[in-house]
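Heads up: the structure comes next, in structure tokens.
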Amino acid sequence: MGRRERIEDYFRKRLKDERDRREWSQAQMAELLSDIMRARVHPTTIAKIEAGDRAVRIDEATAIADIFEMSLDSLLGRTAQVDNDPTYSIRALRDKAMKYVRDVGVISRSFRDTLVDVHGLEFDGRETLESEGERAVKALDQAQRALWEVAGFELPAHGGVGVRRSRVRPSKGIKSATKS
């Protein structure tokens, strides 16, 4: 088995495993893929890719990575060579931030539009719901601005990026990775 076949097999297995882990049917996966690609993807397409009866196209692979919120490298079984390219993580973070700027904007606009519909109603607790809704809108706007700042981050000139011996991730529940 050649390198290309191993990569394709790995991708197919990861696609199926990630889809199963989320308890999504092939039809649900096809619908999500259709939404991102803005083109109809049939459930049989997912079935054929997972079975190895059809190769995945690059646009499909990148959309699948987006759906799973993981890198395409990860879906292909590749690891980032941080030591060889210390700016990789910074660029990846900027790229994700740019994508999420748009996503949060869509969510914020949709939420705002729905909140406006509540203003014309009379019911107990309306004031609290409106107040919390406005607070949510402000938080979404603030998140969008912060993501915009991350997306616009400029890399230091002349290779001023190195790799620390010990990298600690800020998220709870994620163990720090220590470099040997």
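Bear in mind that the values in this text are calculations on the coordinates, not laboratory data. No experiment lies behind these values; they were computed from the predicted model shown. Cβ placement follows ideal geometry from the backbone for every residue including glycine, while neighbour counts extend to all protein chains displayed.
Worth a mention:
- Note, ³J(HN,Hα) from phi for segment 103-116, Karplus 6.51, -1.76, 1.60, rounded to Hz, x at Gly and Pro: 4, 5, x, 5, 4, 4, 4, 5, 5, 4, 4, 6, 4, 4
- DSSP-assigned coil residues among GluC sites (Glu not before Pro) in segment 33-128, each with at most 12 further Cβ atoms within 10 Å: Glu69, Glu122
- Residue list for segment 31-52, given a label point 7 angstrom along the Cα-to-Cβ vector of Ser25 and an amide N cut-off under 18 Å: 31-35, 41-50
- Those residues of segment 18-47 whose amide nitrogen sits under 14 Å from the label point placed on Arg57, 7 Å along Cα→Cβ: 33-42, 45-46
- Here the Karplus relation 6.51 cos²θ - 1.76 cosθ + 1.60, evaluated at θ = phi - 60°, turns the backbone of segment 42-49 into coupling constants of 8, x, 5, 4, 4, 4, 5, 5 Hz, with x for every Gly and Pro.
- Among the trypsin sites (Lys or Arg not before Pro) in segment 1-40, those located in a DSSP loop and surrounded by at most 16 other Cβ atoms within 10 Å of their own Cβ are Arg22, Arg38, Arg40.
- For segment 1-43, GluC sites (Glu not before Pro) meeting the loop criterion (DSSP other than H, G, I, E, B) and having at most 16 other Cβ atoms within 10 Å: Glu23.
- Annotation: Cα Rg of segment 1-126 relative to the compact-globule expectation 2.2 N^0.38 Å equals 1.38.
- Efficiency of FRET from Cβ geometry, Ala139 and Thr87, R₀ 35 Å, rounded to 0.05: 0.70
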